[in-house]
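Structure first, then comments.
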């Protein structure tokens, strides 16, 4: 039973590292603000979910794992909201149509 | 043995946070820097929870919650300033 839990925690941590790595590569390599935001927001939210689920599975069910679940739900709410606000600010600041913006760089 | 997995994950997240700092240094527009700071804030929050599990200090989870709130408020404030030219 212990080795089964170790393997499951290791798989969840590896999935989290993989999605964080995909988000970082997208942040560095992609050519535009909107594409960078598209890469990082979804990948980072999913990676944080994987790593926090591994932490909850490692701790078992007590008060600390409940607090970790609260942090996870907070990140799941605020991360898409922040990306939406940044995208709206950049889109209004440019003052151009969508095709002109997306062909930059 | 299972604690080494958490240590390896924390070290990988620190390396990727330093790699994300490149975009905050050389972003062409200010929105690039805001996106990079948001990404780094998420990574640091996850790292604080992992460190709380590694050194068995349960009160660090509260620090992670406060850090996530501060990162969100920072992002919203800078985006509002970029959009309107003033905060309120």
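The values are calculated or read from the model by the stated rules, or taken from the named source; none is laboratory data. Quantities reported herein were computed from a predicted structural model and do not represent experimental measurements. Here Cβ is always computed from backbone atoms with ideal geometry, including for glycine, and neighbour counts include all displayed protein chains.
For the reader, a short list of remarks on this structure follows.
- Verdict on residue A:19 being farther than 21 Å from residue B:22 by Cα and out of contact with any strand residue (DSSP E or B) (no Cβ under 7 Å at 6 or more places or on another chain): no
- Within the stretch B:23-55, tally of residues that are assigned to a loop (DSSP other than H, G, I, E, B) and at pLDDT 90 or above: 1
- All of A:73, A:56 fail the test of being more than 17 Å from residue B:33 (Cβ to Cβ), out of contact with any helix residue (DSSP H, G or I) (no Cβ under 7 Å at 6 or more places or on another chain) and more than 9 Å from chain B (Cβ to nearest Cβ), apart from A:73.
- Selection over the stretch B:29-73 of residues that are over 29 Å from residue B:8 (Cβ atoms) and in contact with a helix residue (DSSP H, G or I) (Cβ under 8 Å, 6 or more places away or on another chain) gives a count of 6.
- The single residue among B:10, B:17 that is more than 7 Å from chain A (Cβ to nearest Cβ) and more than 15 Å from residue A:22 (Cα to Cα) turns out to be B:10.
- Residue B:79 under 23 Å from residue A:40 (Cβ atoms) and modelled with pLDDT under 90: yes
- Pairs where the first residue, in the stretch B:65-88, is more than 9 Å from chain A (Cβ to nearest Cβ) and the second is crowded, with 19+ Cβ neighbours inside 10 Å and assigned to a helix (DSSP H, G or I), C-beta under 6 Å, 6+ apart: B:67/B:45
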